[in-house]
1. Scanning region 1-26 for residues that are modelled with pLDDT of 95 or more, within 15 Å of residue 94 (Cα to Cα) and under 11 Å from the mean Cα position of the chain (by Cα), which turns out surrounded by the most Cβ atoms within 10 Å (Cβ to Cβ)?
2. Within region 19-37, track down each residue that is in a helix (DSSP H, G or I) and in contact with a helix residue (DSSP H, G or I) (Cβ under 7 Å, 6 or more places away or on another chain).
3. Pairs please, first residue from region 56-79 and within 28 Å of residue 8 (Cβ to Cβ), second anywhere and at pLDDT below 80 and assigned to a loop (DSSP other than H, G, I, E, B), Cβ atoms under 7 Å, 6+ apart in sequence or on different chains.
4. Being modelled with pLDDT under 95, crowded, with 17+ Cβ neighbours inside 10 Å, more than 11 Å from the chain's Cα centre (by Cα) and part of a loop (DSSP other than H, G, I, E, B) is the requirement here; does residue 52 meet it?
5. May I ask you to list pairs of residues, at least six apart or on different chains, whose Cβ atoms are under 6 Å apart, with the first in region 11-32 being without any contact (Cβ under 8 Å) to a residue 60 or more places away in the chain and the second being assigned to a strand (DSSP E or B)?
């Protein structure tokens with residue numbers, strides 16, 4: 001697949017421990033994006049942050065597991081992104097997770 005020109009960048013902000021049907025939500029979103037043949041997805045793990053509940057989540061040296069912030073970034077064409085957002089909304093709704101999603105216009109320089 002080759003994509004150049006105007007596209008969309010979707011960011012989904014969730015917690016590391018958010019789950020859907022026993023699976024980590026970020027993993028389920030990546031799998032769904034892969035099934036939908038999205039152009040690309042990256043999961044980023046934050047070291048500190050807070051969301052709608054205003055509870056600060058942070059990494060500590062001596063702790064092994066945390067509920068750290070996760071940002072999932074997906075890039076693709078506008079039409080494909082609309083399909084993906086609908087699918088992700090359904091997943092997020094059924095997970096009950098507190099989520100922030102943002103969408104912005106991007107210029108895709110090279111993807112092929």
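The values are calculated or read from the model by the stated rules, or taken from the named source; none is laboratory data. Here the structure is a predicted model, which means the values were calculated and not measured. Neighbour counts are summed over all protein chains in view; Cβ atoms, including those assigned to glycine, are modelled from backbone coordinates with ideal geometry.
1. Across region 1-26, the extreme among qualifying residues is 25.
2. Hits for region 19-37 are 25, 28, 29, 32, 33.
3. 57/50; 57/66; 57/67; 68/59; 77/3
4. Answer is no for this residue.
5. From region 11-32, the pairs are 16/70; 26/43; 26/70; 26/72; 30/41.
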